[in-house]
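The values are calculated or read from the model by the stated rules, or taken from the named source; none is laboratory data. Given the structure is predicted, the values throughout are model-derived calculations rather than measurements. Neighbour counts run over all protein chains shown; Cβ positions are idealised from the backbone, glycine included. Remember, those area values only see protein heavy atoms, side chains included, never the ligands or the DNA or RNA. Shrake-Rupley method; radii C 1.70, N 1.55, O 1.52, S 1.80 Å.
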Protein chains: 2
Amino acid sequence: MSNPVVVEVWRGDRVESVHRGAGVVCDGNGGVVFAFGDIARPVFPRSAVKPIQALPLVESGAADGFSDKELALACASHSGEPEHVATAAAMLARAGVDEAALACGAHRPLGALAARALARTGGEPGPLHNNCSGKHAGFVCLACAQGLPLAGYETVAHGVQRLVKAALEDVCGERLGDPGVDGCSIPAYALPLTGLARGFAKLATGKGLAPARAAAARRLLGAMAQQPFHVAGTGRFDTQAMTLLQGRAVAKTGAEGVYGAALPDLGYGIAIKIDDGATRAAEVAVAALMDRFLDTPEGFASLVRPRLVNWRGLHVGDLRPAGALADPP
Amino acid sequence: MSNPVVVEVWRGDRVESVHRGAGVVCDGNGGVVFAFGDIARPVFPRSAVKPIQALPLVESGAADGFSDKELALACASHSGEPEHVATAAAMLARAGVDEAALACGAHRPLGALAARALARTGGEPGPLHNNCSGKHAGFVCLACAQGLPLAGYETVAHGVQRLVKAALEDVCGERLGDPGVDGCSIPAYALPLTGLARGFAKLATGKGLAPARAAAARRLLGAMAQQPFHVAGTGRFDTQAMTLLQGRAVAKTGAEGVYGAALPDLGYGIAIKIDDGATRAAEVAVAALMDRFLDTPEGFASLVRPRLVNWRGLHVGDLRPAGALADPP
């Protein structure tokens with residue numbers, strides 16, 4: 001059985017491409033508020049679970065004194081802009097180490113402007129430019145604070161990853177199996193979208209979490225909402241959506257078409273996976289769900305139904321929510 | 001009804017994402033040799049039809065004396081590398097004009113190396129860097145040779161686009177309706193995959209084409225096979241596949257997950273559209289079809305089943321042909 005088409009790509013008066021997917025909105029009690037597609041099949045949440053992966057850092061006290069920017073960056077897939085790089089370096093400095101401690105690998109900045117600026121200077125990207133460097137810096141700070149060895153902090157058997165796995169299992173209410181390997185080399189556990197949505201609802205409400213965990217969740221979501229630039233970067237969806245919604249939503253993208261999001265005022269958690277892995281469709285889908293449940297400002301429409309313009313700036317088409325996501329009731 | 005899954009994205013021992021699509025292989029008589037999914041629904045072929053769009057340029061005599069590199073570039077979605085830019089400029093010089101004549105708009109080079117090299121010099125991209133600049137230079141040369149005005153050569157009512165539309169209708173055996181607008185601002189006509197596959201089979205065999213058109217098709221496919229770097233660029237699929245297959249296949253990518261290809265020795269034409277528009281899946285699908293019908297060299301396996309490596313170079317997964325494309329009989 002196939003998941004439904006939830007996003008269409010129009011060119012002129014014709015649908016050029018379609019994206020299928022599954023998604024679910026849960027409330028703080030774990031009840032399903034809205035759903036489409038197969039929400040029981042385990043999927044890799046990828047970077048969408050970064051706010052959950054950062055819980056041990058905060059609960060342990062290792063992040064006491066961290067700024068909102070640093071906490072937001074610990075939950076980020078950032079664009080590698082100079083401010084992101086500086087914040088990641090500052091986090092590492094708190095642990096008395098430098099980027100050589102990072103096991104995430106290096107890639108050119110996700111942000112086109114930052115990538116061009118780096119190229120202009122002839123510079124090569126380092127681990128601090130990796131979109132996951134904030135998360136990894138958090139892992140390093142956690143290892144230091146716990147007196148664990150830094151070497152191998154990214155591996156499945158290390159104390160840091162065991163704490164992270166336990167937090168994922170607790171918050172999402174799922175027992176995790178054998179992991180794959182993520183882009184940044186840490187274990188990537190699969191879990192059903194229902195678990196991911198319930199996890200984000202628990203982050204938003206604290207319901208069913210130990211007090212220290214609930215407080216850490218509140219602190220992390222608050223930091224992301226306060227510092228949306230540090231969660232993504234210039235022109236990126238998460239930054240734009242959180243800036244427009246001013247704390248009424250916290251959104252976190254994951255590779256291969258995943259979104260996790262929380263709507264704190266409603267106590268809702270959202271999880272989405274686009275079958276084909278397309279980020280453009282996951283963004284439209286999460287925007288459509290935000291638009292369904294929140295009173296969104298005028299500029300938000302351009303996220304729900306982005307215009308496609310060609311190289312001369314001509315309007316040639318649009319992305320549009322479809323099927324279950326097409327029209328609010 | 002949904003098209004079948006034809007490409008899977010694996011991470012570890014789990015399918016992370018899937019791509020659905022339709023495709024068809026036709027012989028020189030227009031007979032269907034192999035097919036999957038809905039091949040009757042019209043789709044935008046986008047840049048996959050560039051070899052057909054270049055026929056009037058050659059038939060008219062406007063390209064007499066053009067090099068293979070220039071003819072290949074007229075059919076290309078090139079990477080904007082210095083050699084591509086120089087070849088496009090040389091084509092325009094034949095018409096006595098420069099890049100100001102191009103209506104394709106400007107974008108940063110598709111090729112990452114070329115984009116970084118341009119950024120390093122602080123340069124801004126111009127129309128010659130546009131991946132369609134060779135096609136547009138061909139249009140300009142055609143307009144000049146026919147004594148048509150250059151202004152508006154990209155518009156639907158201009159003589160150049162009327163010749164191009166007539167060639168598409170003749171070669172693909174389809175009557176074309178109202179167009180959308182392509183990324184490079186020319187009309188984008190939709191047509192069924194069967195028409196596109198028959199078109200490529202006719203390019204390969206010349207069957208059913210007027211002698212001058214058949215000769216032009218032979219000349220263009222020959223130029224693409226001889227100069228695969230000028231059809232795409234460093235590290236790009238079309239260039240790699242054509243280099244490995246040494247004239248036994250001519251492949252042309254189109255945006256939003258389209259491929260058109262010819263297998264000249266067999267007289268076959270291939271057309272593919274991935275529902276969600278993913279290029280990664282269209283490449284695997286066309287590679288799987290080439291592998292099914294041709295005796296491919298050893299290195300070709302990496303195109304049929306590309307490895308996914310993460311930022312530290314760890315092998316974390318693969319793309320794999322699935323369903324009808326999974327295993328040759």
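Here is how the numbers come out for the structure above:
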item: Positive minus negative residues near B:Pro297 (Lys, Arg vs Asp, Glu; Cβ under 14 Å); result: -2
item: Complex-versus-alone comparison for the stretch A:32-48, residues with a loss of 10 Å² or more in accessible area, probe 1.4 Å; result: A:Arg41, A:Pro42, A:Phe44, A:Arg46
item: At 1.002 mPa s and 20 °C, Stokes diffusion of chain B via Kirkwood alpha-carbon radius, µm² per second; result: 109
item: Percent of Cα-Cα distances greater than 16 Å, calculated over the stretch B:7-103; result: 72
item: Cα centroid of the stretch B:196-241 to Cα centroid of the stretch B:125-157, whole Å; result: 20
item: Heavy atoms of B:Tyr153 accessible to a 1.4 Å probe, total area in Å² rounded to 10; result: 0
item: Furthest towards positive pole of dipole, B:Leu193, B:Gln226, B:Leu163, structure part the stretch B:143-292, Cβ charges; result: B:Gln226
item: At least 50 Å² of accessible area lost relative to the chain alone, listed for the stretch A:281-329 with a 1.4 Å probe; result: A:Trp311, A:Arg312
item: Inter-chain shielding of A:116-123 (mean C-beta neighbours from other protein chains, 10 Å cut-off); result: 4
item: Reachable lysines, given that their alpha-carbon falls under 21 Å from the alpha-carbon of A:Lys50 and they are not under 8 places away in the same chain; result: A:Lys69, A:Lys135, A:Lys165, A:Lys202, A:Lys207, A:Lys252, A:Lys273
item: Carbon plus sulfur fraction of accessible area for the stretch B:251-303, probe 1.4 Å, in percent; result: 44
item: Euclidean distance between Cα centres, the stretch A:1-39 to the stretch A:253-328, Å; result: 10
item: Isolated Cys in the protein assembly as shown, by beta carbon distance under 4.7 Å; result: A:Cys26, A:Cys75, A:Cys141, A:Cys144, A:Cys172, B:Cys26, B:Cys75, B:Cys141, B:Cys144, B:Cys172
item: Accessible area per residue, Å², the protein assembly as shown with all protein chains present, probe 1.4 Å; result: 35
item: Within-11-Å neighbourhood charge of A:Gly257 [Cβ basis; K, R +1; D, E -1]; result: -2
item: Surface share of carbon and sulfur [accessible, 1.4 angstrom probe, percent] for the stretch B:76-215; result: 57
item: Delta accessible area of at least 30 Å² on complex formation, residues of the stretch B:157-192, 1.4 Å probe, chain isolated as reference; result: B:Val181, B:Gly183, B:Ser185
item: Loss of accessible area when B meets A, both sides summed, Å² nearest 100, probe 1.4 Å; result: 3800
